[in-house]
Amino acid sequence: MRITSTSCICPVLVCLCFVQRCYGAAHHGSIKVTRNQTKHIEGETEVHHRPKRGWVWNQFFVLEEHMGPDPQYVGKLHSNSDKGDGSVKYILTGEGAGTIFIIDDTTGDIHSTKSLDREQKTHYVLHAQAIDRRTNKPLEPESEFIIKVQDINDNAPKFTDGPYIVTVPEMSEMGTSVLQVTATDADDPTYGNSARVVYSILQGQPYFSVDPKTGVIRTALHNMDREAREHYSVVIQAKDMAGQVGGLSGSTTVNITLTDVNDNPPRFPQKHYQLYVPESAQVGSAVGKIKANDADTGSNADMKYTIINGDGSGVFSISTDKETREGILSLKKPLNYEKKKSYTLNIEGANTHVDFRFSHLGPFKDVTMLKVIVGDVDEPPLFTLPSYVMEVYENAKIGTPVGTVTAHDPDAANSLVRY
């Protein structure tokens with residue numbers, strides 16, 4: 001078709017965009033713009049005039065991390081005034097022009113000469129111009145367009161805050177939330193599944209589970225007992241590509257410790273104890289110790305000892321050592337072997353802090369029986385009177401009886417007394 005010089009036509013630049021998706025799928029896109037055309041309809045000539053306009057462009061794409069031996073083809077600039085005779089010269093300016101992006105000034109083909117990283121720079125803003133090679137006059141007004149760096153899955157998910165150290169109470173209900181972990185992926189979240197992360201548990205089952213979407217770690221068993229096992233090392237994996245085969249992954253460790261609750265009553269190791277106390281023991285002195293065991297820790301294992309009955313409740317008292325959690329038995333009254341040789345005490349050890357959620361595991365107290373044996377001590381003889389008054393006549397002969405003193409052995413043996 002011949003176009004006369006009187007036609008009011010503005011040449012139009014067309015960007016032929018070479019769109020290269022991940023994994024090598026290539027698509028060509030273009031906007032086809034023609035000059036004004038004369039259309040013959042049933043013998044009549046009808047002239048259609050397009051409005052005057054400047055450059056027409058598409059967004060270009062270049063695949064990141066391109067490692068091929070040849071420059072990567074990006075796309076093509078084309079002016080509809082280009083008749084293919086080499087009279088049109090294409091000029092490229094802007095970000096990366098001449099260094100990263102080069103253009104064939106005759107064909108308008110754009111290539112990328114370097115491997116690009118989308119995570120460092122997502123797009124480049126460039127300017128295109130077409131000029132008459134003979135006159136150096138612009139054939140098109142300068143126009144701006146964008147080359148977008150197309151993402152590939154070249155970044156594995158990362159846990160920035162791990163490893164984690166957390167606690168959860170023992171005996172928690174199944175499904176109790178422990179911690180939410182988050183992995184970040186530097187790939188493009190708007191394109192494909194490169195940054196779509198799915199969480200899974202590699203180590204720590206069947207005790208814990210993780211929500212594949214949110215990364216929330218939860219208890220997976222009922223009645224996890226600290227006294228049976230206190231520490232757990234859980235390994236969580238984050239995998240991109242929505243967890244599909246070929247996705248990249250990263251992992252982190254979550255160290256979980258079960259904290260104590262009062263779920264163990266105190267228990268005396270024996271139901272009967274025997275204690276020897278010499279009758280010479282001083283009133284107020286500690287004469288023995290007793291202890292009930294509690295598998296809990298901290299305040300959950302605190303207890304108080306009490307003498308609840310027995311024939312020695314008025315002779316002995318008991319207190320609690322808060323550091324050792326022992327019952328300290330003390331003497332309230334003096335002992336006398338010759339009068340009473342033994343006493344029986346019923347001693348109770350009870351927790352001072354009870355968690356009523358676990359009352360069904362109780363009662364949180366225990367009772368044992370303590371028999372106190374009074375030990376005989378070799379005591380000196382005792383005179384019948386603390387002092388004696390005797391009279392004797394003067395001038396009494398030697399050997400005259402003056403009086404008698406009497407002493408006895410208070411011990412059970414009643415040994416012979418010598419004066």
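The values are calculated or read from the model by the stated rules, or taken from the named source; none is laboratory data. If you're wondering where the values come from, they're calculated on a predicted model, not measured in any experiment. Virtual Cβ from ideal backbone geometry, glycine too; neighbours counted across all protein chains shown. For the accessible areas, the whole protein counts, side chains as well, though only heavy atoms, and no ligand, DNA or RNA atoms are used. Shrake-Rupley method; radii C 1.70, N 1.55, O 1.52, S 1.80 Å.
Couple of notes before you dig in:
- Of the criteria (1) free of Cβ contacts under 8 Å to residues at least 12 places away in the same chain; (2) touching a Lys or Arg at 6+ places or on another chain (Cβ under 7 Å), which one Thr190 fails: (2)
- From Gln274, Gln282, residue being loosely packed, with under 13 Cβ neighbours inside 10 Å, in contact with a Lys or Arg (Cβ under 7 Å, 6 or more places away or on another chain) and under 21 Å from Asp376 (Cβ atoms): Gln274
- Considering residues of segment 324-362 that are open to solvent by 80 Å² or more (accessible area, probe 1.4 Å) and not charged (D, E, K, R) only, the residue farthest from Glu173 (Cα to Cα): Pro334
- Total residues in segment 380-397 satisfying the condition of being hydrophobic (A, V, I, L, M, F, W, C), out of contact with any Gly (no Cβ under 7 Å at 6 or more places or on another chain) and assigned to a loop (DSSP other than H, G, I, E, B): the figure is 4.
- Qualifying residues in segment 60-83 (those that are in a loop (DSSP other than H, G, I, E, B) and closer than 17 Å to Pro138 by Cα) - the one most open to solvent (accessible area, probe 1.4 Å): Lys83
- When Ser280 is tested against the conditions (1) assigned to a loop (DSSP other than H, G, I, E, B); (2) without any contact (Cβ under 8 Å) to a residue 24 or more places away in the chain; (3) of a type outside the set (D, E, K, R), the lone failure is (2).
- Number of the condition not met by Val245 [criteria: (1) part of a strand (DSSP E or B); (2) open to solvent by 70 Å² or more (accessible area, probe 1.4 Å); (3) outside the structural domain of Asp355 (by the TED database)]: (1)
- Taking segment 161-183 as the range and being of a type in the set (D, E, K, R) and open to solvent by 40 Å² or more (accessible area, probe 1.4 Å) as the test, the residues that pass are Asp161, Glu173.
- Within segment 114-160, the only residue that satisfies the criterion of being small (Gly, Ala, Ser) and exposed (fewer than 15 other Cβ atoms within 10 Å of the Cβ) is Ser115.
- Hey, Ala130 of a type in the set (Gly, Ala, Ser), touching a residue at least 60 places away in the same chain (Cβ under 8 Å), assigned to a strand (DSSP E or B) and touching a strand residue (DSSP E or B) at 6+ places or on another chain (Cβ under 9 Å) or not: yes
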